[in-house]
1. Counting only other residues whose beta carbon sits under 15 Å from that of Ser207, what net charge do I get with K and R as +1, D and E as -1?
2. Which shape class applies to the range 118-234: rounded if a/c is under 1.5, otherwise prolate when a/b exceeds b/c and oblate if not, where a ≥ b ≥ c are the square roots of the Cα gyration tensor eigenvalues?
3. I need the trypsin sites (Lys or Arg not before Pro) found in the range 102-163, filtered to DSSP loop residues with at most 13 other beta carbons within 10 Å of theirs.
4. Need one word for the range 104-153: rounded, prolate or oblate. Basis is the Cα gyration tensor (sqrt eigenvalues a ≥ b ≥ c); a/c below 1.5 gives rounded, then a/b vs b/c decides.
5. Could you grab the relative contact order for the range 118-234? Cα pairs under 8 Å, six or more apart, rounded to a whole percent.
6. Which pairs break 24 Å Cα to Cα here: Lys183/Lys231; Lys149/Lys173; Lys39/Lys222; Lys190/Lys230?
7. Nearest 0.05, what FRET efficiency do Phe96 and Asn116 give at R0 = 35 Å with Cβ-Cβ as r?
8. Give the percent of DSSP beta bridges with both residues in the range 91-248 that are antiparallel, rounded to the nearest 5.
Amino acid sequence: MVKSLTGLVLIIIFLGLNGCSGSQSIVNPASEAAFSISKLWWGMFSFFSLVFFAILLLWLYALRPRERATEQKHTRLISLSLIIGGGILLPSVTIFIILFFAIPIGNRILPHPEPNALRVEVIGHQWFWEIRYPDAGITLLNELHLPAKQPVDVVVTSQDVIHSFWIPRLNGKIDAIPGYINKLRLQPMKTGYMRGQCAEFCGKWHSQMSLAVKVYEPEGFKTWIQEEQKKQQIHFIPPAKNNAVLTN
């Protein structure tokens, strides 16, 4: 019994750790905002792991053999303790602790005014992303290119239904809503390839609505801009037809 339980726990831990790697891992942050979110996630995971094991111990305690008279004597006291402690005190303390840490983190990752931020416009469609660099006159589909260590304001909207723009290694997700403008600040601290994904079910091919992300050193990004401008002059990619107005 103990050996089987130990083996099961080890398998679960192995599978869990295996799922922490990859280009969409929230526990492999590549920006300060994502690092703050990752810390909050680890804190919540640790806390709720303790809660899980506490409940498991209570369950094992309840299953232990004991005399019927003793059981009747303690049933009322235990029930009252669980109602007050587990039903009132624990949820209240948990919510307070989460808000205490989450509110400052949420404030830090907001797109505070930054005059030198690069502007990128993202429009969600069924089922692809249209990416515009208005200052450079570049339009791409399902590709996002970013400079490292520089603020980027991603202005997000949608042409049809609600989508959700999410690059887990760079920041939290933000909804793309028809007729409404949302803004997300990205500031990668690491170069390389990453992956974004629509995180809101948007129809038949929702699972295919991914985004290839590449982060360059600042000079490398300037070079990419110049090369892409020349390429688009030869092979112009017209913006997808839409009524989205990105003026904010």
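Just so it is clear, none of the values below were taken in a lab; they were calculated from the coordinates. Everything numeric in this text was worked out from a predicted model, so none of it was measured. Please note: Cβ atoms are built from the backbone with ideal geometry, for glycine as well, and neighbour counts cover all protein chains shown.
1. Values: positive: Arg195, Lys204; negative: Glu200.
Local net charge: +1.
2. Values: a/c = 1.78, a/b = 1.46, b/c = 1.22.
Note, shape of the range 118-234 comes out prolate.
3. Details: sites: Arg108, Arg119, Arg132, Lys149; in loops: Lys149.
Qualifying residues, ordered by number: Lys149.
4. Numbers: a/c = 2.45, a/b = 1.51, b/c = 1.62.
It is oblate, given that a/c is not under 1.5 and a/b is not larger than b/c.
5. Working: 279 pairs, mean separation 32.7, N = 117.
Result for the range 118-234 is 28 percent.
6. Table pairs above 24 Å Cα-Cα are Lys183/Lys231; Lys39/Lys222; Lys190/Lys230.
7. Efficiency for this residue pair is about 0.40.
8. Values: 25 of 38 bridges.
Counting only bridges with both partners in the range 91-248, antiparallel ones make up about 65 percent.
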